[in-house]
Amino acid sequence: AFSLPGMNTAKMRPAAQQNLKDLERFQCPDGGFSYWPGDCHFTSPYLTAYLLHVFKTAADQKFQVDSGMQARAYTYLEQALASEPPTNEGWWPAYTAWQAFAVKVLVEGGRNQDSNLTRLYGYRERMPVFALAYLHDALVARGAASSDSTGRIADLRRRMVNAILPEAGSAHVEELNDPYLLWFWNSNVRSTSIVLNSLVKANVNDAPVRQMVRWMMAARKDGRWGNT
């Protein structure tokens with residue numbers, strides 16, 4: 001999208017295609033992805049969901065993506081969602097966070113997740129704000145026009161907007177401060193950007209979009225944010 005100094009745009013697409021191919025080395029026999037190629041003692045549902053998001057984005061941009069690899073990963077993710085919830089109350093924000101993201105990715109990939117959407121909506125009181133945004137995106141992507149679905153979407157938007165704090169012409173999401181959420185690189189900057197993305201994509205006209213953009217620009221240090 002941008003011509004950046006010192007970068008050859010003609011080489012970007014081939015490099016991206018090669019990186020997409022290289023990522024397939026991280027998939028394990030169970031369909032999930034591990035953090036190191038060939039190390040399949042542990043596969044991560046969150047990492048798998050993130051990579052499926054990347055592969056779906058790439059396929060939409062006409063990159064070559066192995067459909068069989070995607071199908072195995074989608075099936076793995078569906079099986080992971082069926083696992084028992086944690087007994088430790090402290091894990092619930094992190095649990096609902098990865099589950100909401102996984103359901104969003106599955107719905108956007110064309111998988112029916114009605115039962116999981118209903119189940120996770122019941123956990124909305126225990127979710128971090130960015131997970132509310134993911135669940136909202138999943139419901140929007142599902143595209144059902146029922147009054148039940150419309151009411152859930154409106155409720156999640158209200159919860160997201162209520163988490164936005166205005167301050168001197170700008171606004172940001174005040175995210176749940178939970179140590180387990182650091183596994184997702186949790187921060188106010190990250191949650192503000194995720195919620196902003198959800199509100200803009202859904203054309204929520206009464207959201208403080210300009211103020212959130214202003215806060216995001218001011219949050220940079222030396223032109224950069226704390227993480228990608």
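The values are calculated or read from the model by the stated rules, or taken from the named source; none is laboratory data. Note that the structure is predicted; figures quoted are calculated from it, not measured. We place every Cβ from the backbone using ideal geometry, glycine too, and count neighbours over all the protein chains shown. When the accessible area is computed, the model is the full protein with side chains, heavy atoms only, and any ligands, DNA or RNA have been set aside. Shrake-Rupley method; radii C 1.70, N 1.55, O 1.52, S 1.80 Å.
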- Exactly one of Ala141, Ala100, Ala94 is closer than 14 Å to His53 by Cβ and at pLDDT below 95, and that residue is Ala141
- Note on the structure: For segment 72-97, the count of residues that are open to solvent by 40 Å² or more (accessible area, probe 1.4 Å) and of a type outside the set (Gly, Ala, Ser) equals 10
- Message: Would you confirm whether or not segment 105-124 contains a residue that is crowded, with 16+ Cβ neighbours inside 10 Å, within 25 Å of Ser34 (Cα to Cα) and polar (S, T, N, Q)?
- Response: yes
- When (1) part of a helix (DSSP H, G or I); (2) in contact (Cβ under 8 Å) with a residue 24 or more places away in the chain are applied to Lys11, the one that fails is (2)
- Residue ranges of helices (runs of 4 or more DSSP H) in segment 108-223 with at least 1 members free of Cβ contacts under 8 Å to residues at least 60 places away in the same chain, in contact with a strand residue (DSSP E or B) (Cβ under 8 Å, 6 or more places away or on another chain) and of a type in the set (Lys, Arg): 209-218
- Task: Scan segment 177-208 residue by residue and report those that are among the aliphatic types (A, V, I, L, M) and open to solvent by less than 100 Å² (accessible area, probe 1.4 Å).
- Result: Leu181, Val189, Ile194, Val195, Leu196, Leu199, Val200, Ala202, Val204, Ala207
- Message: For segment 209-216, check the following and say yes or no: at least one residue is under 23 Å from Ala97 (Cα atoms) and open to solvent by less than 50 Å² (accessible area, probe 1.4 Å).
- Response: yes
- Query: Looking at segment 125-138, which of its residues are closer than 19 Å to Ala82 by Cα and either under 16 Å from the mean Cα position of the chain (by Cα) or crowded, with 24+ Cβ neighbours inside 10 Å (or both)?
  - Reply: Met127, Ala131, Tyr134, Leu135, Ala138
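A quick yes/no check of all residues on (1) buried (at least 17 other Cβ atoms within 10 Å of the Cβ); (2) over 20 Å from the mean Cα position of the chain (by Cα); (3) under 28 Å from Tyr180 (Cβ atoms):
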site	(1), (2), (3)
Gln18	no, yes, no
Cys28	yes, yes, yes
Gly31	yes, no, yes
Thr43	yes, no, yes
Thr57	no, no, yes
Gln70	yes, no, no
- Note on the structure: Selection over segment 182-203 where residues are in contact with a helix residue (DSSP H, G or I) (Cβ under 7 Å, 6 or more places away or on another chain) and modelled with pLDDT under 90 yields a count of 2
- Message: Among the listed residues Ile153, Ile164, identify the single one that is open to solvent by less than 20 Å² (accessible area, probe 1.4 Å) and of a type in the set (A, V, I, L, M, F, W, C).
- Response: Ile164
